[in-house]
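Asks: Next up is a structure, given as C-alpha cells.
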Amino acid sequence: MITLSNIHKSYRSAAGKELVLKNLDFSIDKGEYVAIMGSSGSGKSTLMNIIGTLETADAGEYRYEDRRINTLSKGKLTQLRNEQMGFVFQNFQLIPNLSIYQNVMLPLIYNRKWFIRKKEYVRKAIESVGLQAKMRQKPHQLSGGQKQRVAIARAIVNEPALLLADEPTGSLDEENTEFILNIFDDLHQKGVTIILITHDAEVAKRAQRTMMLKGGVLKEVQL
Ligand SMILES: Nc1ncnc2c1ncn2[C@@H]1O[C@H](COP(=O)(O)OP(=O)(O)O)[C@@H](O)[C@H]1O
Ligand SMILES: [Mg+2]
C-alpha cells in the first residue's frame, strides 16, 4: 500500500542543517497495523507527515498504491488525503469554539463525495467512540480521554483506508489508553491500515509490527 524508497529529509536551523530521515526504505501492506517508536526528536512526526502527504521529502520516492506522490499536484494530493487518510495529531488539535459534532464534521466539509450523507457519517463516527451524549458540547467541557476520542472520531469519519496516529495515548491514563487501543483493534479488524506512533512499548505491542526510528534510520524490532 505504501512504499518509501531512499527518503531523505533535513531541516535548516540556526545551528545548521539537521538530517532527520536518512535513506529511509519502508513499506506497509494494506491492512497492516504498524507501530513506530523512537525517542523525542527522532523524526517520528516528520515521517508521519511525509506519509500523510502533509510534508514532502527532500529526496526519494513515495508510492501510495499505484500513485507516485512526488508527481501529484496539490489538488490531487488533497483529494487523496481527504479520501484515503485519517489523522490523529499530537495533543488532539480540536477547534475550541466548535461543538464536538462540528469538529467531527470538519474533514467532510471540503469533500464532495461525502456531502449528501454527511450527518449520518458524523453520527456514526461519534457513536463508535461512545460520545453521542456529548455531541453538542465544546471540547473544553470534555476530559482528556474524551477529547482524544473526539479526535479519533474526526480521523475516521471519512472511513479512511489509512489511519495515522501520532502518540494518541501519550497524555492518557491506563483506562483511556485501553479504550483508544480497543478502538484501533476494531478498526484493524475492519481492514483499516494503521500507523501508530508511540514511545510506549506496551502500546506498541498491540500492533503486529514495530519499527524503531533512531539516528534517521528505521529498523524493525521485536518487542
Ligand atoms: N518544521 C521544522 N523546522 C525545523 N526543524 C524541524 C521542523 N520539524 C521538526 N524539526 C526538527 O526535526 C527533528 C525531528 O522532529 P519530529 O519529527 O517532530 O520528532 P519526534 O516526533 O520524533 O519527536 C527535531 O530535531 C525537530 O526539532
Ligand atoms: Mg512528534
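Asks: Lys76: which aspartates and glutamates have alpha carbons under 19 Å from its alpha carbon, excluding same-chain residues fewer than 8 sequence positions away?
Replies: Glu55, Glu61, Glu65, Asp66, Glu159
Asks: Please name which of Tyr11, Phe184, Leu172 has its Cα lying farthest along the dipole of the chain towards the positive end, using unit charges on Cβ (Lys, Arg +1; Asp, Glu -1) and the Cα centre as origin.
Replies: Tyr11
Asks: Next up: Taking the Cα centre of the chain as origin, work out the dipole magnitude from +1 charges on Lys and Arg Cβ and -1 charges on Asp and Glu Cβ, in debye rounded to 20.
Replies: Values: 31 positive and 24 negative charges, 200 e Å.
My answer is approximately 960 debye.
Asks: At most 16 other Cβ atoms within 10 Å and a DSSP loop assignment: could you name the GluC sites (Glu not before Pro) in the stretch 60-89 that fit? Could the numbers behind the result be given before it?
Replies: Values: sites: Glu61, Glu65, Glu83; in loops: Glu65.
Sites meeting the loop and neighbour criteria: Glu65.
Asks: Indicate, rounded to the nearest 5 percent, the antiparallel portion of the DSSP beta bridges found entirely in the stretch 2-221. List each step's numbers first, then the result.
Replies: Details: 21 of 38 bridges.
So the antiparallel bridges in the stretch 2-221 amount to around 55 percent.
Asks: Can you give me the orientation-averaged projected area of the convex hull built on the Cα atoms of the chain, in nm²? Before the final figure, lay out each step's value.
Replies: Values: hull surface 50.4 nm².
Averaged projected hull area, Cα only: 12.6 nm².
Asks: So which trypsin sites (Lys or Arg not before Pro) in the stretch 194-223 are both in a DSSP loop and have at most 15 other Cβ atoms within 10 Å of their Cβ?
Replies: Sites meeting the loop and neighbour criteria: Lys205.
Asks: Once you have the Cα-Cα distance between Ser143 and Glu175, take 0.36 nm times their residue separation minus that, and quote the gain in nm to one decimal. Kindly include the intermediate steps, with their values, before the conclusion.
Replies: Numbers: separation 32, 0.36 × 32 = 11.52 nm, distance 1.27 nm.
Length gained, Ser143 through Glu175: 10.3 nm.
Where a number appears in this text, it was derived from the coordinates with a stated rule and is not lab data. On a predicted model such as this, the values are computed, not experimentally measured, just so you know. Every residue, glycine as well, gets a Cβ built from its backbone with ideal geometry; the counts of neighbours run over all protein chains shown.
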